[in-house]
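Input: a single structure, listed below in structure tokens.
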Amino acid sequence: MTPLSGLRVADFTVHAAGPFCTHMLSQLGAEVIKVETALRPDIFRKSHAVYGRKGPATFDQVSSNKLSVRLNLKHPDGIALAKRLVAVSDVAAESFRAGVMERLGLSYDDLRAARPDIVMVSVSSSGQTGPESHFAGYAPLFGAWGGLGHLSGHADGPPVEMRHVMDHSVGMNAALATMAALLQRRRTGRGCHVDVAAREVASSLVGDALVAASAGITVERMGNGDLRRAPHGLYPTRDPDRWLAIAVANDAQWCALAMLMDQADLASDPRYATETARHANSATLDPLIANWSRQSTGEQLAASLQSAGIPAHLSWAASDIVSDPHLRARGAILDVTETGGATRAAVGRVARFSGDDTPGITQGTPTLGGAESYVYGELLGLSDTDISALVADRAIY
């Protein structure tokens, strides 16, 4: 039995941050019912030209395992049906702009009237309160707004835009907060409204920089460098766009690297003989490493460096991860079958639980409204005639 078996989530989230929260809950065994409408489908059901993707890869990832129902939240009967769904759920999750759920008639107080101990999770750009709570935003803005983007990138370049890693960080924090609220409900019998602000999640990831700034210290971008170690970074290999990560932690590892490079004299060169010297002269050291590394394949270099006790590994592309036998053996990467029979790789859950060998993903991307017979019929007790009438009136649409 999975850890969250028996837990039900009414999922009103859209895009990526909120859906990733509910996706994580679904991987742990929760039944997640995604509420959608044909009037305004989740934008991530579409292809993403801006990300260079021909298909809706993001939606496939964050919606696997979920059930889908159509529900028109602009229709009073649709709102009434949403409340009935919440009444049989443990969690209601949403990721609209602050105030939207209240205007729809689905505020926390409204949902508590349907189920007094409901845990409501709201994921938004700036939170449900405060002078900027009305601001909308997407992943690149979260990272920029929270200070993470300013610290990412090379010293001689601009800040680097944070994309899906920001959405997923927000979703993970929201999932953690949801579990805390559910634990509190078990202890007290009371529900809770969980308010997650994406920009605050970004700031939580740069806490060390915020502490430094509060002490008057300016923190600069340093690319792939390290505050102490050198060489430390990504270096080219013989293969195009195939990069090798090397992190030399001490003088012994540096001597071993110099020997592998057939440049033993570098180990005693006063510019590089000590950790402090190497770090101070990294501008001349890094080209030496790059000139050596680009002569061989990444696989060869990684094996040689690891054998010599030097931390190193290829910077893997998605294709490496999907085909990795170790991750396959652990179920971290598994295959799912979509409606229609197509098979694709999916990312499994990131934790293992003793006594539970079920996969983190049990089904592929849901079709729009594909679970309505179960949700509206079996779960909510509507007859076929009732459902047909709501469809005809476009409350279910």
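Annotations for the structure displayed:
- MRE, 222 nm, helices only [DSSP H, n ≥ 4, -39500 (n - 2.57), over the chain, to nearest 500]: -11000 deg cm²/dmol
- Cα-derived Rg to Rh of segment 232-317, Kirkwood definition: 0.94
- Of every Cα-Cα pair in segment 121-280, the percent that sits beyond 20 Å: 66
- For segment 259-288 versus segment 122-167, the inter-centroid distance based on Cα atoms is 38 Å.
- Within the shell defined by Cβ-Cβ distances under 14 Å, the residues around Ala92 carry a net charge of -2, with Lys and Arg each +1 and Asp and Glu each -1.
- Karplus-derived HN-Hα couplings along segment 58-70 (A = 6.51, B = -1.76, C = 1.60, θ = phi - 60°), whole Hz, x at Gly and Pro: 5, 4, 4, 5, 7, 10, 4, 5, 8, 9, 10, 10, 8
- Measuring r between the beta carbons of Ser214 and Ala57 and using R0 = 45 Å, the FRET efficiency lands at 0.65.
- Only Cα sites of the chain enter the Debye sum here, all with the same form factor; the resulting log10 I(q)/I(0) across q = 0.11 1/Å is -0.91, listed in q order.
- With kT/(6 pi eta Rh) evaluated at 10 °C and eta = 1.306 mPa s, and Rh the Kirkwood radius from Cα pairs, segment 203-256 diffuses with a coefficient of 116 µm²/s according to Stokes-Einstein.
- Positive-pole candidate from Gly137, Ala230, Ser268, dipole of the chain, charges at beta carbon: Gly137
- Across segment 248-254, computed HN-Hα scalar couplings (Karplus, 6.51 cos²θ - 1.76 cosθ + 1.60, θ = phi - 60°) run 7, 9, 7, 5, 5, 5, 5 Hz from first to last residue, x flagging Gly and Pro.
- Each peptide in 88-97, 290-299 was scored by the mean count of other Cβ atoms within 10 Å over its residues; highest first, the order is 88-97, 290-299.
- Taken over segment 2-135, the alpha-carbon convex hull comes to 113 cubic angstrom per residue.
- Using C-alpha pairs under 8 Å with a sequence gap of at least 6, the mean separation divided by the residue count of segment 232-317 gives a relative contact order of 43 percent.
- Sorting the Cα pairs of segment 92-149 by distance into bins of 5 Å, from 0 upward, gives 4, 18, 24, 21, 14, 9, 6, 3, 0 percent per bin.
- Residues whose amide H falls under 5 Å from that of Val32, counting only those 5 or more places apart or on a different chain, are Val9, Leu67, with hydrogens built in the peptide plane.
- For segment 28-34, Karplus couplings with θ = phi - 60° (6.51, -1.76, 1.60), whole Hz, Gly/Pro x: 8, x, 5, 8, 10, 10, 7
- Net dipole in debye of the chain [+1 Lys, Arg Cβ; -1 Asp, Glu Cβ; about Cα centre; nearest 20]: 560
Rule-based calculations on the coordinates, nothing more; no lab input. Quantities reported herein were computed from a predicted structural model and do not represent experimental measurements. Positions of Cβ are generated from backbone atoms using ideal geometry, with glycine treated the same way; all protein chains shown enter the neighbour counts.
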